[in-house]
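The values are calculated or read from the model by the stated rules, or taken from the named source; none is laboratory data. The shown structure was predicted, so the numbers you read here are calculated from the model rather than taken from an experiment. Reconstructed Cβ throughout: ideal geometry from the backbone, glycine too, with neighbour counts over all protein chains shown.
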Amino acid sequence: MLRIEDTDRERSTDASVKAILDGMRWLGLDWDEGPIFQMDRLIRYREVADQLIRDGHAYLCFCSKEELDQMREQQRAQGLKPRYDRRWRPERASALGLIAPSGIAPVVRFRNPDSGSVTFDDLVKGPITVSNAELDDFVLLRGDGVPTYNFGVVVDDLDMAISHVIRGDDHVNNTPRQINVMRAMGADTPQFAHVPMILGADGERLSKRHGAVSVMQYAEDGFLPSAMLNYLARLGWSHGDVELFSPDQFVEWFDLDRVSSSPAQFNPEKLRWLNHQHLRQCDDRLLAKDVHKRLLQDSIDLQSGPPLEHVIALFKERAETLHALSMECKLFYGEHPPAPDLLAQHVVPEIKPVLSSLADALERISEWNAAVIGEEVRARLASSKIKMPKLAIPVRVCVVGRTQTPDLAAVLNLLGKQVVVARLRRYSA
């Protein structure tokens, strides 16, 4: 069930909701129900708040923002912990002679128990106990009828029969408040598990200053969703020493008992390594669909070269991302004249006769394939008495404009006889 917690109107925009839905769809995190938006459930939150008021577990508070600010300033001046002083609890308001003012929309506050404590068995951290004296009468409903986080999620979790609440450990302090509300509603509580936050390399909570980006930025940068899920799952959880696994394997293996209670550090290099492993195992046809879109965005004419799947099969062992793979694939489509300095450095006068001889030999090939091409290259090495790099690098510079590629014969095979011979002759003349 997908629930969108959208009651923070400044942060929850159409764009932010779209980012959530797009990211989940890309990752393959499908849902059976929803999305359910909290802002569509305001009537339900009001119903529960009214019932809590009738049962004596909540009350209306008419404090203005200015009064609350002044209250906290006075408490700080006295060395006290800033908190609401409960002045609008019915019995206290009566004792103080407070009268509900006009023109102020009241909030609904929870009447937190004055004594006792809240204990819950966190499935990651173990037993946690918090004294009720540490908790204040927090707001359930704002004056405009919109619930606070600690109230909205409680009503939602109970209405939706949520069995496990698994979230970041920055929410540990919210849990006692939520449990007290659930008890006031006469409901059983779900099980809670608070997982460690993800940290940057400096040990601080991951943020934009660490280069954190949106989920879809990783898609644009060429990461596979399976690799992204693999990496995120492995942060703070393990299945023995297994590093590489599929989403289906993760679903089969996952157990909260194996979630670490220590924070994990986000390592971009490890993510790239994992992505490379997933990319190598991915079907060439699936990779071709993504690479095809990337090449079309760059106005690459795919009719001017070999089948894209064949190129991908050659390069995917080397590329860490789909973006890098698409950049490699560009070599096989269109012209890629070598830079003058590369020509001057590698296509020197003494090698040009060998390149010309190779062009003649390749043109005579009747059955164009990597094995035959390799034989002709080796024959030129033998007759010229030079080693492979002395010939292979100039050949690469002539045909693709760079010094490094995968297996030379495989590259020449994909480029085709006409292209290879024409380029060798052009630069060996």
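Within the range 78-99, the only residue that satisfies the criterion of being in contact (Cβ under 8 Å) with a residue 40 or more places away in the chain and over 15 Å from Lys65 (Cα atoms) is Arg89.
The C-beta contact set for the range 247-261 (first residue free of Cβ contacts under 8 Å to residues at least 40 places away in the same chain and on the phi < 0 side of the Ramachandran plot, second residue of a type in the set (A, V, I, L, M) and surrounded by 13 or more Cβ atoms within 10 Å (Cβ to Cβ), distance under 6 angstrom, 6+ apart or interchain) comprises Phe250/Ala233. For Arg87, the test of being outside any helix (DSSP H, G or I) and surrounded by 13 or more Cβ atoms within 10 Å (Cβ to Cβ) is passed. For the range 181-206, residues that are under 15 Å from Asp121 (Cβ atoms) and either part of a loop (DSSP other than H, G, I, E, B) or without any contact (Cβ under 8 Å) to a residue 12 or more places away in the chain (or both) total 3. Figure legend. Inter-residue proximity from the range 362-373: first residues not assigned by TED's automatic domain parsing to the domain that holds Leu424, second residues polar (S, T, N, Q) and modelled with pLDDT of 95 or more, beta-carbon distance below 9 Å, spacing 6+ or different chains. No pairs are indicated. Here Ala95 meets the list (1) part of a strand (DSSP E or B); (2) of a type outside the set (D, E, K, R); (3) not assigned by TED's automatic domain parsing to the domain that holds Ala49 almost entirely, failing just condition (1). Within the range 208-224, is there a residue that is more than 30 Å from Lys316 (Cα to Cα) and loosely packed, with under 14 Cβ neighbours inside 10 Å? Yes, that holds for at least one residue.
Could you go through the range 342-354 and let me know if any residue there is among the charged types (D, E, K, R), under 21 Å from Thr405 (Cα atoms), touching a residue at least 24 places away in the same chain (Cβ under 8 Å) and outside the structural domain of Thr403 (by TED's automatic domain parsing).
Looking only at the range 342-354, we keep the residues that are among the charged types (D, E, K, R), and these are 350, 352.
Those left that are additionally under 21 Å from Thr405 (Cα atoms): 352.
Okay, now just the ones that are also touching a residue at least 24 places away in the same chain (Cβ under 8 Å), so 352.
Pick out the ones that are also outside the structural domain of Thr403 (by TED's automatic domain parsing) and you get none.
For the range 342-354, residues among the charged types (D, E, K, R), under 21 Å from Thr405 (Cα atoms), touching a residue at least 24 places away in the same chain (Cβ under 8 Å) and outside the structural domain of Thr403 (by TED's automatic domain parsing): absent.
Return the residues of the range 34-76 that are over 18 Å from Gly143 (Cβ atoms), among the acidic types (Asp, Glu) and at pLDDT 95 or above; say none if nothing qualifies. Result: Asp40, Asp55. With respect to the numbered conditions (1) at pLDDT 95 or above; (2) under 17 Å from His278 (Cα atoms), which one is the sole condition not fulfilled by Pro190? Unmet condition: (2).
Filter the range 29-81 down to residues that are farther than 18 Å from Thr7 by Cβ and part of a loop (DSSP other than H, G, I, E, B), then give me how many there are. Number satisfying all stated conditions: 15.
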